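Student: Got a structure for you, written out below as structure tokens; questions coming shortly.
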Amino acid sequence: FLSVTEAIEFQQKNNWSDLTKKCRWLVRETRSRLDEYFNLMHICPNTEEWIGQMASVEIKIDDPIKIKNVLLKNFSIEVPIFEWKGKTLLRYSINVYNDQQDIDLLIYALREIPSLII
């Protein structure tokens, strides 16, 4: 059983503010790295005011379900990829259990997918 008091104490003891700040930075850094490779269309600025621990990026792909399945099957990556208002969006999030290696794998996988779905 987790009480609010214990949750607050846990966050204070574990420097939660610093951890979540790092997560938010990694989300923005990931968006910049994805943009380097894929020339993404942005739905908002890549700033702390707009981006928290989750971001969505528009990607140009023909079959979102196929890409989502390849990411899961070949790389054990599960991220929502969905259509919204005629655009295909990939949404990713970072929490304290994620690290740079997780992001590196996502970017690597997205770069490799064209050769895997031919």
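Student: For the structure I just gave you, tell me whether residue 5 is in a helix (DSSP H, G or I) and touching a residue at least 24 places away in the same chain (Cβ under 8 Å).
Tutor: Details: in a helix (DSSP H, G or I): yes; touching a residue at least 24 places away in the same chain (Cβ under 8 Å): no.
So residue 5 does not fit the description; no.
Student: Hey, another quick one. For region 47-65, how many residues meet the condition of being closer than 24 Å to residue 112 by Cβ, more than 13 Å from the chain's Cα centre (by Cα) and not aliphatic (A, V, I, L, M)?
Tutor: 4
Student: Next question. Name the strands (runs of 3 or more DSSP E) wholly within region 45-100 that hold at least 3 residues that are more than 21 Å from residue 22 (Cβ to Cβ)?
Tutor: 81-84, 87-93
Student: Ok, one more. Give region 16-73 a look and list any residue that's within 23 Å of residue 85 (Cα to Cα), of a type in the set (S, T, N, Q) and free of Cβ contacts under 8 Å to residues at least 12 places away in the same chain, or say none.
Tutor: Those that are within 23 Å of residue 85 (Cα to Cα), of a type in the set (S, T, N, Q) and free of Cβ contacts under 8 Å to residues at least 12 places away in the same chain: 39, 69.
Student: Residue 104 versus (1) at pLDDT 95 or above; (2) under 30 Å from residue 7 (Cα atoms): which is the lone unmet condition?
Tutor: All conditions pass for residue 104, except number (2).
Student: Exactly one condition in (1) part of a helix (DSSP H, G or I); (2) more than 11 Å from the chain's Cα centre (by Cα); (3) surrounded by 12 or more Cβ atoms within 10 Å (Cβ to Cβ) is false for residue 26; which is it?
Tutor: That leaves (2) as the condition not met.
Student: Can you tell me which residue in region 54-75 is modelled with the lowest pLDDT, limited to those that are within 19 Å of residue 104 (Cβ to Cβ) and buried (at least 17 other Cβ atoms within 10 Å of the Cβ)?
Tutor: Of everything passing the filter in region 54-75, 59 is modelled with the lowest pLDDT.
Student: Is at least one residue of region 76-90 among the basic types (Lys, Arg), surrounded by 12 or more Cβ atoms within 10 Å (Cβ to Cβ) and modelled with pLDDT under 90?
Tutor: Yes - at least one qualifying residue is present in region 76-90.
Student: Determine the pairs where a residue that is free of Cβ contacts under 8 Å to residues at least 60 places away in the same chain, located within region 81-110, has a partner that is of a type in the set (Ser, Thr, Tyr) and surrounded by 12 or more Cβ atoms within 10 Å (Cβ to Cβ) with Cβ atoms under 6 Å apart, the partner being 6 or more residues away or on another chain.
Tutor: Close Cβ pairs (under 6 Å, with a partner that is of a type in the set (Ser, Thr, Tyr) and surrounded by 12 or more Cβ atoms within 10 Å (Cβ to Cβ)) amount to 89/56; 91/56.
The values are calculated or read from the model by the stated rules, or taken from the named source; none is laboratory data. Source: prediction; values computed, not measured. Counting neighbours? That spans all protein chains shown, and the Cβs are built from the backbone with ideal geometry, glycine included.
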